[in-house]
1. Have a look at CYS98, CYS58, CYS46 and tell me which one the Gaussian network model of the chain (Cα, springs below 10 Å) gives the largest fluctuation.
2. Report P(r) for segment 68-154: all Cα-Cα distances, bin width 5 Å, range 0 to the bin holding the largest distance, values in whole percent.
3. Connecting C-alpha atoms closer than 10 Å in a GNM of the chain, tell me which of GLU93, GLU81, GLU122 has the biggest fluctuation.
4. Could you do me a favour and compute the accessible area per residue for segment 45-155, 1.4 Å probe, result in Å²?
5. 222 nm [θ] for the chain, helices only, -39500 (n - 2.57) per DSSP H run of 4+, per residue, to 500?
6. Of the accessible area of the chain, with the probe set at 1.4 angstrom, what percent is carbon plus sulfur?
7. Using a cut-off of 10 Å between beta-carbons, work out the net charge of the residues near LEU21 (Lys and Arg +1, Asp and Glu -1, LEU21 not included).
8. Using only alpha carbons, build the gyration tensor for the chain and give me the equivalent ellipsoid semi-axes, biggest first, whole Å.
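The values are calculated or read from the model by the stated rules, or taken from the named source; none is laboratory data. It should be emphasised that the depicted structure is a prediction, and the values quoted were computed from it without experimental measurement. Counting neighbours? That spans all protein chains shown, and the Cβs are built from the backbone with ideal geometry, glycine included. Please note that ligands, DNA and RNA were not included when accessible areas were found on the heavy atoms of the full protein model with its side chains. Shrake-Rupley method; radii C 1.70, N 1.55, O 1.52, S 1.80 Å.
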Amino acid sequence: MVRLTVNGRTAEVDADPSTPLIYVLRNDLALNGPKLGCARGQCGACTVLLDGRAVRACSTRLADAAVPHVVTTLEGLGTPERPHPLQAAFIAEQAAQCGYCTSGMIMQAAALLAETREGLTEAQVAEALDHNLCRCGTQPRVVRAVLRAARQQGA
Ligand code: FES
């Protein structure tokens, strides 16, 4: 058994410690925010926060995310009643097309906003999200959404 703290709750998971975190989140904990895309750490669809840092859940072993570490998925960022500023901004800017990359985009942006205190620029957002792929072409709307959330947070 491996103990895992996700979105403020600790769970015991019966899985091999070398299992990629994405499988545990989706299959054992029914957290379907993070998506499985390339499974090679390249597309960003599976991005979650590990101790506040954006990581690829497909390339993170369960053992490396276990207690005392803390994992946050899209489900832990906000709620439908009280969305995170990024979630509200993505809706306002209509920054999702098919939506497959959206969770990863938001989690990557959440890490960026957490470490940026002020003066976030369009170029910084574009650079931070450069390795989160979107085939629908939503990138300009995603950048606008992140900047909108940053303004709301005073970053
Ligand atoms: Fe993890 Fe593509 S599925 S980076």
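1. The residue with the greatest mean-square fluctuation here is CYS98.
2. Whole-percent P(r) values from 0 Å outward: 3, 15, 28, 26, 18, 8, 2, 0.
3. GLU81
4. 52 Å²
5. When only DSSP H runs of four or more count, the value is -9000 deg cm²/dmol.
6. 47 percent
7. +2
8. 26, 16, 14
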